[in-house]
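Before any comments, here is the structure.
Laboratory data are not the source of any read-out in this text; all were calculated from the coordinates shown. Values in this document were obtained by computation on a predicted structure and should not be read as measured data. Note that each Cβ is placed from the backbone with ideal geometry, even for glycine, and that neighbours are counted across all protein chains shown.
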Amino acid sequence: MDMQVAKKKLGLKERYAVMTRGLDWVPSYQKMEDIYPYMSYEGIKIHDWDKWEDPFRLTMDAYWKYQAEKERKLYAVLDAFNQNNGHLNVTDARYINTVKLFVSGISPLEYVAHRGFAHAGRQFPGAGPRVACLMQSLDEIRHAQTQVHAVANYNKYYNGMHDFHHAHDRVWFLSVPKSFFDDAITAGPFEFMVSIGFSFEYVLTNLLFVPFVSGAAYNGDMGTMTFGFSAQSDEARHMTLGLEVIKFILEQDPDNLPIVQRWIDKWTWRGYRVLTLVAMMMDYMLPKRTMSWKEAWEIYFEENGGALFKDLARYGITMPKCAEQIALEKDHLSHQAWSTFYNYAAAANFHTWVPDEDEMAWLSAKYPDSYDKYYRPRMEYWREQAAKGNRFYNKTLPMLCQTCQIPMVFTEPGDPTKICYREVDYKESKYHFCSDHCKAIFEHEPEKYVQAWLPVHQIYQGNCFPEGTDPTVEGFDPLAAVLDYYHFESGRDNLDFEGSEDQKNFDAWRGMATKNV
Amino acid sequence: MHIDLRTVTIKPLRHTFDNIARRLGADKPATRYQEGTLDMQQTANFHYRPTWDPDHQIYDASRTAIKMADWYAFKDPRQFYYGAYTMARAKQQDTAEANFDFVENRNLADTLPADVRATVLELLVPLRHVAWGSNMNNASICAYSYGTAFSQPGIYQAMDQLGIAQYLTRVGLLLGGVESLEVAKTSWMEGDAWQGLRRYVEDCMVIKDPVELFVAQNVALDGLLYPLVYETIVDDVLSAKGGTPVAMLTQFMTDWFTETKRWTDATMKTAAAESDENKAILAKWVIQWRDRAAAALLPVARIALNERTDALVAEVVQQFDARLIKSGVPL
Ligand SMILES: [Fe+2]
Ligand SMILES: [Fe+2]
C-alpha cells in the first residue's frame, strides 16, 4: 500500500502527518469557537493540539484493506456456524443466557460508542485526535453490527433476544448499562474520551470484553468467540488512543489534573458497577468457568491496573479511591447480583437457576471467605423450596440507586450482613444511593442525575404499561402489563432455566445429533 | 466427542428479530444490511440531556427542519453495513493501488505535459482540503442526525472523504513532492481562486441542521465538484492533452462519485416524497447551496478551463438540476 515517493522520501511519521494534520487549516471565515463550540465548557485547557502523538498511523487505504480481510474471515465463520447448527456445540443451553445478556446489555452500547466517537471526532480542534476518534467510530459500528449478526442465529432458536433493541431502552436492569453510556455521551467531549476511551476501553476492557469472549471460547460458542477475537486488533488501537488522550490532556496544563482525576474516579466506579453483570456471568452463567470474578479483578485491575496507575503517577494521577471498596466487595459482588436476578427472574429476558453441587463446590473454593458462610445456605434453601414446587419469584419492585440504577442490594463495605443505603436531599426530593461513590457522583452533578429514567419509579408512575392500559380495572396484573411493555413473552423469555423451552429444545435437538431416534 | 451437527434439521422458532419482522411485515429472513441498520439507534427513555446541547435529546429528530414519520424510510441502495462497506472499498483500493503502481513504475508522471502537471498541482492538490472539510461535515451528519438508516452512511462518507484527501495528497507527492502540498495549502488559504470555496466549506462547518448539512455538502457541493473536476476536467480536458495518467490516479474519485450519488439521490427522493413541506425546504436548501457552490467553483474551474469555464460550469449545473428534479425536488 505504500507509495514510492518520487521526490523527497518521507518518513512514516511525516508521511502520516501530511495525510492527516497536513489537511487541516486554521479557519478564517468562521470563528474557531463556532466550528468547535464544545471545547471550553468542561474547563480543560489545551494550548497546543500539535503536541498530540498519533497513537497509531493508519491511512484509509490500509484501513480498508486490513478490515475487509478481517470481515471476510469473520463472516465465513459465521456462515459456517449458521449452516452447521453451531449453536448446538455449546456446553449446555444455560450458556446461551450469556449471549442474551450480551446482545441486550452490551451490543447497543457499541452503537452508542459509534455515535459518541463520531461526535468527539467532529469536535476536537486537533486533526490528530479527530482522525483517531473517527476511525474508532467506524470500528464501533462494526462491533455493534458483527455482534448482532453473530447473535442473529441464536435468536432463531432460543428465546429472550427477539426484541433486544426494544428491551434495551426499557427493561429495568438494562437501564444500568444504558444509563452508563448515556452518561458518557451526554458529558463533554473530553469527559467522553476519559470515560469511554480511557476508563472503559483501557482500564476495564479486560474485565468486560475478554470474559465474554473467553467465556464463549470455553463454552464452544464459535460465533461469539470469532467476532471477539476479530475485534481485538481494533481494541488494541482503541486502547492506545485512550491512553494517549489521558497523557495529552495532562501534559497540556496542570489545571487539567484535578478534573481528569475526578473523571477517572467517577468512571472507574461507574464502569465497575456495570461490571456487576459480568461478575455474575463469570461466576454463575458460564457452564464451563474461565476464572472467577475475584481472580479477574485481581489480575486485570489490581495487578495490571496497579501498574498503569503507577505509570500515571508522574502526571500526578492516583489510583481511584473506590478501588478500596471494590476490593472489599470482590468476595460478594457476583453472589449478590445472581441472587438478585434469581429473585427477579420473572422480569428478566434470560433464565436463572440455582448452581448445581459441583458449581457450588467451585464457588466455595474460589470464595473461601464468603460463599459457604453467606451465600451457599441461601441458595440451598432456594433449591429446597424449588424442589417442593415453591420456586421463589420476588414480585415486589426494588428501590434503585439514583446513579448506577442497580437495585439497592449491595452490602456495607466490610459488613456483608447489612444492606448499604445512602441518601441525599436535593430540591424537595430525597434521592437514594447504593454507595458513597454513587452518592458523591450525584452530589457533584445533581442536575444531571435527577434526570435519570429510573425503571422502578417509571413503573410506579404508570409509564411502563402498553399504551391504552387501564390500571384501575379489576384484576389488573401490573407485572404482566410491564412484561407486555417490555415485549417479553412470559413463560418463554423469563423464569427459571429448569423447565424452560430453551432447555427442552436444546436437549431435543442435541439428541437428534447424538442418538438414533 | 465430535458430533456431526450438520445432519440435524431443526425448525427455527423465528427467522429474524422482532423489530425487523415488524418492519418487513412478516417474520422472514432479513439481510445483514437490515439487521445491522434497522432500529440500531436507541429511541426511548434517554437518561440525561447532552450537557453540550441541553435543548435536545441524545438523538433527536428535531435537530433538523425535515420531518419524517419514520426515519427508517431511508434506505441505502448500496446496502452498506460495515462489512459490505469495507469490502467494497478494499476492492476499489486494489484498483487504485494498481493504478498508482502503473503510473509510478512507468514513470508516467514524468511524461506529463508541463501544462497538465501544472494544472493538476494547482487544481487537484488544494482539493485535498475540501475533502478534509467533507470528512468533518459528514462526521457531523453521522453524529447529529436521527436514525441509523440516515446516520450510518455519514461515517462511511466521512472516511471516504478522508481517503480521497489522502489519495489527492499522494497525487501531489507523486507529481510535485512535499513542496507541492505546501504551495497548494497557501493557495487554499490565500489564493483568490480558492477563497469562495474555502468560505463555503467553513460555512458548512457551522450548519447545525444535519440534513441541511447533507444537502450543502453531499448534494450541492459534491454534486457539482465531482462532475466538474473529475468527469469534465480530468477525464475529458486533461486526457485530451495527454493527461490520461491523471485520470488513472483519480479513478477512485470518479467511481466513488458514481456510487455515492445513488445514495444521495435515494435519500433526497425519500425525504422529498414524504411531504410538500419537506419538498419546499429541500428545494430552498438546494437552490441556495447550489448557487453558492457553483459560484465558488467558477474561479477554481477556470484554472483548467479558461474561456470555456462559464459554459462547462453551466452545463454541470444543468445536469445537477436534472438529477435533483428526478429525485423529486422541485427546482
Ligand atoms: Fe467496541
Ligand atoms: Fe449506585
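In the list B:A216, B:A220, B:A247, which residue meets the criterion of being surrounded by fewer than 24 Cβ atoms within 10 Å (Cβ to Cβ), part of a helix (DSSP H, G or I) and of a type in the set (A, V, I, L, M, F, W, C)?
On the way: B:A216 fails: surrounded by fewer than 24 Cβ atoms within 10 Å (Cβ to Cβ); B:A220 fails: surrounded by fewer than 24 Cβ atoms within 10 Å (Cβ to Cβ).
From the options B:A216, B:A220, B:A247, the qualifying one is B:A247.
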- Query: How do the pairs read when you match residues in the range A:187-208 that are closer than 17 Å to A:F102 by Cα with residues anywhere that are within 16 Å of ligand 2 (Cβ to nearest atom) and hydroxyl-bearing (S, T, Y), using Cβ under 8 Å and keeping only pairs 6 or more apart or on different chains?
  - Reply: A:L204/A:T268; A:L204/A:Y272
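One residue is enough: does the range A:437-446 have a residue meeting the conditions more than 25 Å from B:N45 (Cα to Cα) and among the basic types (K, R)?
Here is the first cut: in the range A:437-446, the residues more than 25 Å from B:N45 (Cα to Cα) are none.
Within the range A:437-446, none of the residues are more than 25 Å from B:N45 (Cα to Cα) and among the basic types (K, R).
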- helices (runs of 4 or more DSSP H) wholly in the range A:325-403 with at least 1 residues that are of a type in the set (D, E) and more than 16 Å from ligand 2 (Cβ to nearest atom) - which ones? A:357-366, A:376-387
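I'd like the residue in the range B:58-105 that is assigned to a loop (DSSP other than H, G, I, E, B) and closer than 30 Å to A:E447 by Cα and, out of all such residues, is nearest to the other protein chains (Cβ to nearest Cβ).
Of the range B:58-105, the ones assigned to a loop (DSSP other than H, G, I, E, B) are B:58-60, B:64-70, B:74-81.
Imposing the further condition that a residue be closer than 30 Å to A:E447 by Cα reduces the set to B:58-60, B:64-65.
Details: B:I58: 6, B:Y59: 7, B:D60: 12, B:T64: 16, B:A65: 20 Å.
Going through the qualifying residues, I end up with B:I58.
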- Message: Just to check your reading of the model, which residue among B:D55, B:D39 is part of a loop (DSSP other than H, G, I, E, B), surrounded by fewer than 17 Cβ atoms within 10 Å (Cβ to Cβ) and of a type outside the set (S, T, N, Q)?
- Response: B:D55
- Item | Selection within the range B:191-213 - part of a helix (DSSP H, G or I), more than 10 Å from chain A (Cβ to nearest Cβ) and among the acidic types (D, E) | B:D192, B:E212
- Task: Please specify each residue of the range A:149-163 satisfying the condition of being within 20 Å of the chain's Cα centre (by Cα), facing chain B (nearest Cβ under 7 Å) and within 24 Å of A:E71 (Cα to Cα).
- Result: A:H149, A:A152
- Query: Restricting attention to the range A:81-92, which residues are in contact with an Asp or Glu (Cβ under 6 Å, 6 or more places away or on another chain) and surrounded by fewer than 24 Cβ atoms within 10 Å (Cβ to Cβ)?
  - Reply: none
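Table: residues versus (1) small (G, A, S); (2) part of a helix (DSSP H, G or I); (3) in contact with a Lys or Arg (Cβ under 9 Å, 6 or more places away or on another chain); (4) within 16 Å of ligand 1 (Cβ to nearest atom).
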residue	(1), (2), (3), (4)
A:G228	yes, yes, no, yes
A:G242	yes, yes, no, yes
A:K247	no, yes, no, no
A:I264	no, yes, no, no
A:V278	no, yes, no, yes
A:M281	no, yes, no, no
A:A296	yes, yes, no, no
A:Y300	no, yes, no, no
